[in-house]
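Student: Below are the structure tokens for one structure; questions will follow.
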Amino acid sequence: YFANIPQAPPDGILKLSVMSKADPSPEKVDLGVGAYRDDAGSPWVLPVVNKAQKRLEADPAFNHEYLAIGGLPALTGGAQSLMFGADSPAVDERRVYSIQTISGTGANMLAAVFLKQFGQPQDAAVYISKPTWGNHRSIFQTAGHEVREYRYCNYDTLGLDIDGMLADLRAAPKGQIVVLHACAHNPTGIDPTAAQWQQIADVMAERSHFPFFDCAYQGFATGDVDRDAYAVRLFVSRGFELLVAQSFAKNMGLYGERTGCLHAVTQSADLVPAVSSQLNRLSRATISTASAYGAKVAGVVLQDPALYAEWLDNMAEMSSRIKTMRDLLRDKLVALGTPGSWDHVTRQIGMFSFTGLSKPQVAALKEQYHLYMTEDGRISVAGLNSGNIDYVARSIDAVVRN
Ligand code: LMR
């Protein structure tokens, strides 16, 4: 039965954590997975999460029961306000349904399965940006979709290829499913401007494309959760029906707790019972009920005004440290006279920088300098700190000159 199964390739992102853990070199630097590290290079439990955990566990009513299929209302309700704004007309009109998921990946997969069953037209393909998060293609293909790409990164300037993107969305048959990164594009760190989002929305409307937003970095792009929700809110205000995958892995540091939501914005409240029933059915069939612990922690933070305010401060601390590291890396490369321009490192935003380093340079950095990054030259800027930044800059300088 198992004899003819071909070997699957290792995951391009998660394999790096394994390789770097196994590397005995004291100089090693893991710039692979998008997970925040403090200036000592350690995982950071957000202080507000610590407080929420203590509060939860002190509650005599705390237990380990199953959640409802739709998830924990304290989480889904709080997540909805965070995504669409506390004063969102769509939420007030009760035409948004939010279901708890296994973080962003689970939200993507639930959306993919839902769209495979109910997408209109039925044969709509899924368009992903070139490049995109390594898992997007795999998720949508696993759910049975045909996956195509639209241009996104201008590989010469390492900025947005807005003309290419708009042309590809225009050239696609009507009614395709388009995966958009709500903010802090992964892997490039290149986001459209507000005006460019308007142009994207124009073309999406003209071509009746269906927007599927993936929002894994709210708070990491500009440091402001409302500004980071700009694109999603713009599309909602322009009357699109859409889906949004939302993760609390990065912005609450709840990586392993798998805490997230999938939001469906429908045209009218009458549509919510059917949509929600199908999302619940598919979720029950795949995960039964979502994970409780992270949802409870996030629910406490989202519902308590004082803790919420503290969370925003914690997020600001993370995003500003990342920004400082971007500035330092760029300055150090410039000071070393490293060939090429490095301004894109500070122009890009969010957790990542798309360095423009080539595959052979990435391989040389790994083999000769114990520096781990994805093959496409993406670095998780959060992996940089005051202890390793000089070494990283010198290593990059050396391989670029070679
Ligand atoms: C990443 O891109 O590094 C993160 O989103 C982690 C993951 O699941 O790939």
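The values are calculated or read from the model by the stated rules, or taken from the named source; none is laboratory data. Model, not experiment: these values are computed from the prediction. Heads up, the Cβs are rebuilt from the backbone with ideal geometry, glycines too, and the neighbour counts pull from every protein chain shown.
Student: Which one of the conditions (1) assigned to a helix (DSSP H, G or I); (2) in contact with a strand residue (DSSP E or B) (Cβ under 6 Å, 6 or more places away or on another chain) does residue 246 fail to meet, given that it meets all the rest?
Tutor: The single condition residue 246 does not satisfy is (1).
Student: Where residues in the range 215-253 are farther than 22 Å from residue 380 by Cα and either hydroxyl-bearing (Ser, Thr, Tyr) or within 13 Å of the ligand (Cβ to nearest atom) (or both), which of them is surrounded by the most Cβ atoms within 10 Å (Cβ to Cβ)?
Tutor: This residue is 230.
Student: Which one is farthest from the ligand (Cβ to nearest atom) among residues in the range 1-50 that are among the basic types (Lys, Arg) and touching a Gly at 6+ places or on another chain (Cβ under 9 Å)?
Tutor: 37
Student: Residue 213: closer than 17 Å to residue 90 by Cα, under 11 Å from the mean Cα position of the chain (by Cα) and in the same structural domain as residue 166 (by TED's automatic domain parsing), yes or no?
Tutor: When the stated conditions are applied, residue 213 passes them.
Student: Another one. Please go through the range 254-270 and pick out each residue that is surrounded by 23 or more Cβ atoms within 10 Å (Cβ to Cβ) and assigned to a loop (DSSP other than H, G, I, E, B).
Tutor: Of everything in the range 254-270, just one residue is surrounded by 23 or more Cβ atoms within 10 Å (Cβ to Cβ) and assigned to a loop (DSSP other than H, G, I, E, B), namely 254.
Student: Still on this structure, please answer the following. Can you confirm whether residue 396 is assigned to a strand (DSSP E or B), out of contact with any helix residue (DSSP H, G or I) (no Cβ under 6 Å at 6 or more places or on another chain) and closer than 23 Å to residue 187 by Cβ?
Tutor: no
Student: Helices (runs of 4 or more DSSP H) wholly in the range 296-377 with at least 2 residues that are surrounded by fewer than 21 Cβ atoms within 10 Å (Cβ to Cβ) and within 16 Å of the ligand (Cβ to nearest atom) - which ones?
Tutor: Those helices (runs of 4 or more DSSP H) do not exist here; none qualify.
Student: Find the residue count for the range 97-148, including only residues that are away from the ligand (no atom under 11 Å from the Cβ) and free of Cβ contacts under 8 Å to residues at least 24 places away in the same chain.
Tutor: So the count comes out to 7.
Student: Could I ask something else about it? Just checking, which of 380, 395 is within 16 Å of the ligand (Cβ to nearest atom) and among the polar types (S, T, N, Q)?
Tutor: Testing whether each residue is within 16 Å of the ligand (Cβ to nearest atom) and among the polar types (S, T, N, Q) leaves just 380.
Student: Can you name every residue in the range 120-171 that is part of a loop (DSSP other than H, G, I, E, B) and surrounded by 15 or more Cβ atoms within 10 Å (Cβ to Cβ)? Walk me through it before giving the result.
Tutor: Keep residues of the range 120-171 that are part of a loop (DSSP other than H, G, I, E, B), which gives 120-125, 131-133, 143-146, 152, 155-158, 161.
Residues satisfying the conditions are 124, 125, 131, 132, 133, 143, 145, 152, 158, 161.
Student: Can you tell me which of (1) without any contact (Cβ under 8 Å) to a residue 40 or more places away in the chain; (2) within 25 Å of residue 98 (Cβ to Cβ); (3) of a type in the set (D, E, K, R) is the one residue 214 doesn't meet?
Tutor: (1)
Student: Regarding residue 258, is this residue out of contact with any strand residue (DSSP E or B) (no Cβ under 9 Å at 6 or more places or on another chain) and more than 17 Å from residue 177 (Cβ to Cβ)?
Tutor: Considered against the rule, which asks whether it is out of contact with any strand residue (DSSP E or B) (no Cβ under 9 Å at 6 or more places or on another chain) and more than 17 Å from residue 177 (Cβ to Cβ), residue 258 comes out as no.
Student: Given the options 201, 171, name the one that is more than 16 Å from the ligand (Cβ to nearest atom) and without any contact (Cβ under 8 Å) to a residue 12 or more places away in the chain.
Tutor: On the way: 201 fails: without any contact (Cβ under 8 Å) to a residue 12 or more places away in the chain.
On inspection, the qualifying residue turns out to be 171.
Student: I'm told residue 35 meets every condition in (1) under 30 Å from residue 304 (Cβ atoms); (2) modelled with pLDDT of 95 or more except one. Can you identify the failing condition by its number?
Tutor: (2) is the only condition that residue 35 fails.
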